Structures are given as C-alpha cells and as structure tokens.
Amino acid sequence: MYKSVIREGKFIVLLADGVFEFQLMELPTEELADKVAFELQTAWDEGESWGAYQVRNELDSESSTEETSEAARKIKAMSQAEREVYYEKMQRRHERVQKVKQARRWQGVLSWKNH
C-alpha cells in the first residue's frame, strides 16, 4: 500500500506492506505527497481489478460469455424507458462504488500520518 507520511518535517511517500516500508520519494508539500500516494494506490487497485477480471475470463470464459450474452438479451428486450431507468440505476450504483473506493484509498493513504 502507498502511504503519505510526515517525518522530521519532510513529506514522504512510502510503499508499505504491513511489515516493511520503503521510502519512494520526498516531495515539497504535504498535499503533493498525499496526491502522489493516492494516485499510486489508485493505479495499483485498478491493476489488481483488471488482473482479476483477466484471470476470471481465462479460467471460465464460456460461463462469462454466456452471462454477458444473457445480460445483453435482457437489455435489448427492454423498452426505451425501461432501458433508460436501468442505465440511470447502473450509473448511480457505479458512482456510489467509485466514491467508496476513493474514500478507502484516501483513508489508506493518510492513515499513517505522523503529526
């Protein structure tokens, strides 16, 4: 996990695994250190998600293809109004999930702050 910490008046970005920590860089401001750690953690999390998706498709590609086809058939069978409601609902869910993920990343990045 990437962390932003303040040590001896320096703003540092760390890579930490719970046992060891490695200083990646020192930055001129606390805000910049927080932002860099957040962006690194976001990239890490997105890479993990993408990798899990790829592995699932490799292990069970037939089932994934069937699920996708079934979902597409259901959407095509909906009326235009039903489809719009469905897409709005999915967009709201996606936005909520993204807000929670972002809050968790910030919490992780800032959790080791030494003041």
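The values are calculated or read from the model by the stated rules, or taken from the named source; none is laboratory data. All values reported here derive from a predicted model rather than from experimental measurement. Reconstructed Cβ throughout: ideal geometry from the backbone, glycine too, with neighbour counts over all protein chains shown. Only protein heavy atoms, including side chains, enter the accessible area calculation; ligands, DNA and RNA are left aside. Shrake-Rupley method; radii C 1.70, N 1.55, O 1.52, S 1.80 Å.
The residue list GLU70, GLU58 contains one member that is modelled with pLDDT under 90 and open to solvent by less than 90 Å² (accessible area, probe 1.4 Å), which is GLU70. Residues that are in contact (Cβ under 8 Å) with a residue 40 or more places away in the chain and among the polar types (S, T, N, Q) within the stretch 17-59 comprise GLN41, THR42, listed in sequence order. Can you tell me which residue within the stretch 100-112, out of those that are touching a Phe, Trp or Tyr at 6+ places or on another chain (Cβ under 9 Å) and not aromatic (Phe, Trp, Tyr), is surrounded by the fewest Cβ atoms within 10 Å (Cβ to Cβ)? Within the stretch 100-112, the match that is surrounded by the fewest Cβ atoms within 10 Å (Cβ to Cβ) is GLN102.
Within the stretch 9-27, track down each residue that is surrounded by 13 or more Cβ atoms within 10 Å (Cβ to Cβ), aliphatic (A, V, I, L, M) and at pLDDT below 90. Selection gives ALA16 alone. Looking only at the stretch 73-99, residues that are β-branched (Val, Ile, Thr) and open to solvent by less than 70 Å² (accessible area, probe 1.4 Å) come to 2 in all.
Just a yes or no: is a residue in the stretch 31-50 open to solvent by 50 Å² or more (accessible area, probe 1.4 Å) and of a type in the set (Val, Ile, Thr)? For the stretch 31-50, residues open to solvent by 50 Å² or more (accessible area, probe 1.4 Å) and of a type in the set (Val, Ile, Thr): absent. If you check ILE6 against the conditions, is it closer than 17 Å to LEU110 by Cα, in contact (Cβ under 8 Å) with a residue 24 or more places away in the chain, of a type in the set (A, V, I, L, M) and open to solvent by less than 90 Å² (accessible area, probe 1.4 Å)? Against the criterion (closer than 17 Å to LEU110 by Cα, in contact (Cβ under 8 Å) with a residue 24 or more places away in the chain, of a type in the set (A, V, I, L, M) and open to solvent by less than 90 Å² (accessible area, probe 1.4 Å)), ILE6 qualifies.
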